[in-house]
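Here is the structure we will look at, set down as structure tokens.
The values are calculated or read from the model by the stated rules, or taken from the named source; none is laboratory data. A quick note: this is a predicted structure, and the numbers were derived from the prediction, not measured. We place every Cβ from the backbone using ideal geometry, glycine too, and count neighbours over all the protein chains shown. SASA here: full protein model, heavy atoms, side chains in, ligands and nucleic acids out. Shrake-Rupley method; radii C 1.70, N 1.55, O 1.52, S 1.80 Å.
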Amino acid sequence: GAVVSQHPSRVICKSGTSVKIECRSLDFQATTMFWYRQFPKQSLMLMATSNEGSKATYEQGVEKDKFLINHASLTLSTLTVTSAHPEDSSFYICSARHRGTSAGDTQYFGPGTRLTVL
Amino acid sequence: GIQVEQSPPDLILQEGANSTLRCNFSDSVNNLQWFHQNPWGQLINLFYIPSGTKQNGRLSATTVATERYSLLYISSSQTTDSGVYFCAVYWDTDKLIFGTGTRLQVFP
């Protein structure tokens, strides 16, 4: 149980295009999902917290107009990188927390999406 | 904000060796998890351990919350243990803050 999927697993795009990444909880409902970014040989950095039916909460330094997050259902959150540039190239990972659990309860992670912007 | 430091940053072992990875954090936390990130990037939950000691096969973890550290023990290491180990702490209600990581390489 507690499987989280991401699609696509890998994407290469040209500078200036927008890329959408999907995060799905396959066997549970998730009122809260999280988006992280990981640069090569670095740790994961929390970008934003996504709550179903409400606006996402972004961490300091993360441009909300650049990284659009939508959490339209209890099993799906999307991250859209708008007008992507080479510096946006990174590994994007989502996680989800079971509906009904409390803040601080365990999160389950997707396999990640590797974005390369040419 | 909270700082989460892991040591050592890199560790090279021969198969069969034991090791201890350390995670120090600078503030009180709600909870703590240990993860293994495999070479493909997938994060695998190892332990959810706010305090005390847990064991799972060759791995065990101990968290001493009052002293703000956690330890991950790997015994009889195998090549499949290679990868990056992260601790992550739950802070400020629901934020999961990742540590700096320990990169482990196990050679046959």
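Points to keep in mind about this one:
- Set side by side, the residues A:Lys20, A:Lys41, A:Lys14 differ, and just one is among the basic types (Lys, Arg) and modelled with pLDDT under 95, which is A:Lys41.
- Those residues of the stretch B:76-108 which are β-branched (Val, Ile, Thr), more than 20 Å from B:Ala65 (Cβ to Cβ) and out of contact with any Asp or Glu (no Cβ under 9 Å at 6 or more places or on another chain), in sequence order: B:Thr80, B:Val84
- Looking across the stretch B:57-108 at every residue that is among the aromatic types (Phe, Trp, Tyr), under 13 Å from the mean Cα position of the chain (by Cα) and within 14 Å of chain A (Cβ to nearest Cβ), the one that is nearest to A:Ser95 (Cα to Cα) is identified as B:Phe98.
- Residue in the stretch B:48-65 that is touching a residue at least 24 places away in the same chain (Cβ under 8 Å) and small (Gly, Ala, Ser) present: yes
- The stretch B:33-85 - residue that is under 28 Å from A:His7 (Cα atoms), hydrophobic (A, V, I, L, M, F, W, C) and part of a strand (DSSP E or B) and, of those, most open to solvent (accessible area, probe 1.4 Å): B:Ile44
- Evaluation of A:Arg99 against (1) open to solvent by 10 Å² or more (accessible area, probe 1.4 Å); (2) closer than 21 Å to A:Ser9 by Cα (one fails), failing number: (2)
- Residues satisfying the stated conditions in the stretch B:66-108, i.e. basic (Lys, Arg) and without any contact (Cβ under 8 Å) to a residue 12 or more places away in the chain: B:Lys95
- The one condition from (1) within 12 Å of chain A (Cβ to nearest Cβ); (2) in contact with a helix residue (DSSP H, G or I) (Cβ under 7 Å, 6 or more places away or on another chain); (3) not β-branched (Val, Ile, Thr) that B:Glu15 does not meet is (1).
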